[in-house]
1. Rounded, prolate or oblate, given the Cα gyration tensor of the range 40-137, with a/c below 1.5 counting as rounded?
2. Rounded to the nearest 0.05, what FRET efficiency do residue 76 and residue 139 give with R0 = 22 Å and r taken as the Cβ-Cβ distance? Could you check?
3. Any idea how far apart residue 113 and residue 69 come out in nm if each label point goes 7 Å out from Cα toward Cβ?
């Protein structure tokens, strides 16, 4: 006798297959890229009276206040994405070193004062890419040059 009516259990393997294909299709890269943008991209730079005020304001706005070090890149998303292609050079550990300098602001948290110091810089950036999109910013504490 033939089955009649809806049979949701027969659809379960199909739903699981679609879910697996969605995950394998780069969904994690898109999610990580969105997080990268939220944590590291601010273009144009939001006006603030000084770097310290900028860092305090931006870290609160982005929901990452208390993070020890964070850098904001003041450039368009396409120009940052370009580092994942011809605008960047392969670097160890799967990172890419930008060929050009970017306007950035580095924010460093002082846990004893519970406040940030900020520095506006122009620097090359070091990022990790996933399917042509930045997903990780390699924070570097810049030391003063030796004399």
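What follows is calculated from the coordinates using simple rules that are stated; it is not laboratory data. Keep in mind it's a predicted model, so treat the numbers as computed, not measured. Glycine also receives a Cβ, built like all others from the backbone with ideal geometry; neighbour counts cover every protein chain displayed.
1. Numbers: a/c = 2.27, a/b = 1.83, b/c = 1.24.
Cα axes put the range 40-137 in the prolate bin.
2. Numbers: r = 21 Å, r/R0 = 0.97.
Efficiency, from the Cβ-Cβ distance: 0.55.
3. Between residue 113 and residue 69, the label points sit 1.8 nm apart.
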